[in-house]
Every structure is written in structure tokens, then in C-alpha cells.
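J.: Attaching a single structure in C-alpha cells format; questions to follow.
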Amino acid sequence: MKTWMLAAFAAVSLLATGAAEARAIPLPPAAVFTDPPADAAHPARMEVLHIPTGGVQVNAIAYLASGAGVHPTVVLFHGLPGNEKNLDLAQAIRRAGWNVVTINYRGSWGSPGSFSFRGNLADAKATLAYVRANATTLGIDTHKLVVMGHSMAAGSPR
């Protein structure tokens, strides 16, 4: 979010709630609208990944946080393939100092293979195995892994 958007948010808040109440409204976390200080020795970066699953290699991206050492990591799964992959959320999470790994399930957004719900579950398991196996290379703290998704990816297995 840009500075002008924050100003607009503040102005709307003032109009909607009055000046006295608006001062009590906290700003969103800084990671939502600004990058952390640059770390020239260990900059934030993206790594293209190819994760083996079901006889193919699906496309994936690792958004790696800046700073030395290992980082907590979110494995972010998108919903039913459409238009939204939540990469804006991935960027905000990375700005907050976490790594994010996100994949394109088999048969979606250029990943080879055929899309299926059963395949999605296998792809998710393969992604977690890949993250653990490549933790050192990717700077992932395997004791601080979060699996997250929305829509189809947020449903509980039966």
C-alpha cells in the first residue's frame, strides 16, 4: 500500500468516526505497505522451484526474506485455479521476515499434468517434503512452518 493510500484511509477514518476517534485507529502492520530496511549481504529474493510430484515437476516460487540465517516459512496454497494466487499476500509475509513457498498444482498455471483434487493433496504433500528436504538451501527453519491456503486450499480433508 502506498503512502497516498494510507493518507486516504486516514481521511476516510476521520470523516467516518470523527477526529478524536480516528486517532485511536491503528495503522496496519508495516509489512502491508513498506519494505523492511535493505540487507545488502542477504537481500530478499525469489527462487524458481520445480517440485517433483505425480511423475511431473510442478512450478513453484520461493519468496525468501532478507537477513542472515533461517526464517520461519509459510507454504501458501492457492484456491481453485482461477485468477487469484495471493502473491500480494506472499510479498507482505516476506516483508514481515518470513519465507513463502507457493506452488501451481498439476495442470494449473503452466504446471504439467492434469488438474484433480486428489492430485492437489499429493502436490501439497510433495511440496512439504520438498521444503523440508531443501530447508538448508532455502534458509527455512523447519521448526517454524505454517501451512496456509484459501478457498479450495483451506478446506479440511475428509
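Laboratory data are not the source of any read-out in this text; all were calculated from the coordinates shown. All values derive from a computational prediction rather than experimental measurement. When we count neighbours, we look across all protein chains shown, and the Cβ atoms used for this are built from the backbone with ideal geometry, even at glycine.
J.: Taking amide hydrogens as modeled 1.01 Å from N in the peptide plane, which residues meet the under 5 Å criterion relative to Ser66, leaving out close sequence neighbours?
T.: Ala44
J.: Residue by residue through region 128-141, which ³J(HN,Hα) values in whole Hz follow from phi under the Karplus form 6.51 cos²θ - 1.76 cosθ + 1.60 (θ = phi - 60°), with glycine and proline marked x?
T.: Here the 3J(HN,Hα) series is 4, 5, 5, 4, 5, 5, 10, 4, 5, 4, 8, x, 9, 8 Hz.
J.: In addition: Amide H to amide H, which residues 5 or more places from Thr53 or on other chains are under 5 Å from it, using H placed in the peptide plane?
T.: Result for Thr53 returns Val58.
J.: May I ask you to order 95-102, 37-44 by the average number of other C-beta atoms within 10 Å around their residues, highest value first?
T.: Working: 95-102: 21.6, 37-44: 10.8.
Output ranking for 95-102, 37-44: 95-102, 37-44.
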